[in-house]
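The values are calculated or read from the model by the stated rules, or taken from the named source; none is laboratory data. Note that this is a predicted model, so its numbers are computed, not measured. FYI the Cβ positions are ideal-geometry reconstructions off the backbone, even for glycines, and counts take in every protein chain you see.
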Amino acid sequence: MTLTEKRLCVRLKAVLRTVALGLAALSLNAFSAPAAEKAAEKQAVIRMDFIIGGKHAIWYVAWDKGFYSKRGLSVTIQPGSGSADTVRAIAAGLADVGFADFTTAIVARSRGASIQAVGQLGYVPATILWREETPIKTLKDLEGKSWAISPGQAQWYLMPAYAKINNIDFKAIKIQETAPALQPAALVAKKADFIVMFRASNDEVTETAATKQGIKLKRIYMKDTGLNIYGSGLIVKEEDVKRRPDMIRAYVEGTMEGLRYARDHQDEALQILLKHKPELGKELTRIQLKNAIEEVFVPPESRESGFGYMKADIMEKTVGITNEYFDGARKVSTEEAYTNQFIRK
């Protein structure tokens, strides 16, 4: 072999070595990319307002269909034990984001918790329920009647505001302290004249219990009779709005996409929820989901201005009623209570 041939051979080996190293690097990158992408996902714990029911399907749809993950968010969904528990968990860093009652969040804000609403899911869904045979024909007839309620519940504070708006003498209502879980049974068993429940949640529980006993109920929606304030929505820490806006945006947009999908595919949404929560009763869960989507979660402003959009005048009324009737430490301003910056048209 000549000197020239030896030099060519050495150069060829060097080229082949470089190509081999490049291919190995490409192979390694292809193998590690999914793991790297997964590691780059933002982790978020979502705390619900209560035990899981039909209305919570939209979060499970967003999780199951990848509406969170495609936005770089890896979520864990937790049940709650009331909005106050959820708000405390978010404020303490035990959960990143959540779903909770607006008035509860505003009260927490008044007491020093840096909590903010970033999306609404409808007007207050409170309903007043009574047995058809009870001599209640108008709202004024609630005076002198017994109300099964537990101090500290959102209804405990909503009712005085509702009574004032509707010229009802609240002091004439007979308070019958009853644990929240026992209130539907108290109404059905005729131990109380009326109760205040929430549509897409324990309203349907009460209806189911009454139907089994052959009892017909009457119902009035507070939102349709003067108390048109926001009910529950997406709650976060204000510092995360500034410090982790991408995470908050992923949560808001992913949840709202879950709501849209559940609205258009109710049967599939129900199956997704039951897949993750097989212990739920199918029929009750179906009714709760249907009522949440069709009656509660999508008010006109959501269809007009983007799912979750909060109107300034309704937020002002929501904050004003909370300041006046709820047990806050100070008056909260409307501006500090919410932001629409993550809502998409």
Checklist entry - Is there a residue being more than 16 Å from the chain's Cα centre (by Cα), at pLDDT 95 or above and not in a helix (DSSP H, G or I) anywhere in segment 298-312? => result yes
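Look through ALA200, ALA292 and report the one residue that is within 23 Å of LYS317 (Cβ to Cβ), outside the structural domain of THR76 (by TED's automatic domain parsing) and crowded, with 20+ Cβ neighbours inside 10 Å.
Exactly one of ALA200, ALA292 is within 23 Å of LYS317 (Cβ to Cβ), outside the structural domain of THR76 (by TED's automatic domain parsing) and crowded, with 20+ Cβ neighbours inside 10 Å, namely ALA200.
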Checklist outcome for this item: Counted residues in segment 123-158 being at pLDDT 95 or above and under 14 Å from THR103 (Cβ atoms) come to 4
Next on the checklist: Anything in segment 127-169 that is hydrophobic (A, V, I, L, M, F, W, C), in contact (Cβ under 8 Å) with a residue 60 or more places away in the chain and crowded, with 16+ Cβ neighbours inside 10 Å? List them, or say none.
Outcome noted: ILE128, LEU129, TRP130, ILE136, LEU139, ALA154, LEU158, ALA161
Item to check | Odd one out for GLN176, checked against (1) modelled with pLDDT of 95 or more; (2) in a helix (DSSP H, G or I); (3) among the polar types (S, T, N, Q) | outcome: (2)
Item to check | Subset tally (residues that are in a helix (DSSP H, G or I) and among the polar types (S, T, N, Q)) for segment 50-81 | outcome: 1
Next on the checklist: All but one of (1) crowded, with 17+ Cβ neighbours inside 10 Å; (2) basic (Lys, Arg); (3) touching a residue at least 12 places away in the same chain (Cβ under 8 Å); (4) closer than 29 Å to VAL241 by Cα hold for ARG286; state the number of the condition that does not hold.
Outcome noted: (4)
Checklist entry - Quick one: would you say GLY214 is part of a loop (DSSP other than H, G, I, E, B), of a type outside the set (A, V, I, L, M) and either closer than 23 Å to ILE58 by Cα or out of contact with any Leu (no Cβ under 9 Å at 6 or more places or on another chain) (or both)? => result yes
Checklist entry - Looking at ALA192, ALA181, ALA209, ALA200, which one is in contact with a helix residue (DSSP H, G or I) (Cβ under 7 Å, 6 or more places away or on another chain), part of a helix (DSSP H, G or I) and of a type outside the set (Lys, Arg)? => result ALA209
Checklist outcome for this item: Wholly inside segment 244-294, helices (runs of 4 or more DSSP H) that include 1 or more residues that are under 14 Å from the mean Cα position of the chain (by Cα) and within 24 Å of ASP203 (Cβ to Cβ) are 245-264, 282-291
Next on the checklist: So for segment 99-122 (the condition being of a type outside the set (Gly, Ala, Ser), assigned by TED's automatic domain parsing to the domain that holds MET247 and surrounded by fewer than 17 Cβ atoms within 10 Å (Cβ to Cβ)), does at least one residue qualify?
Outcome noted: yes
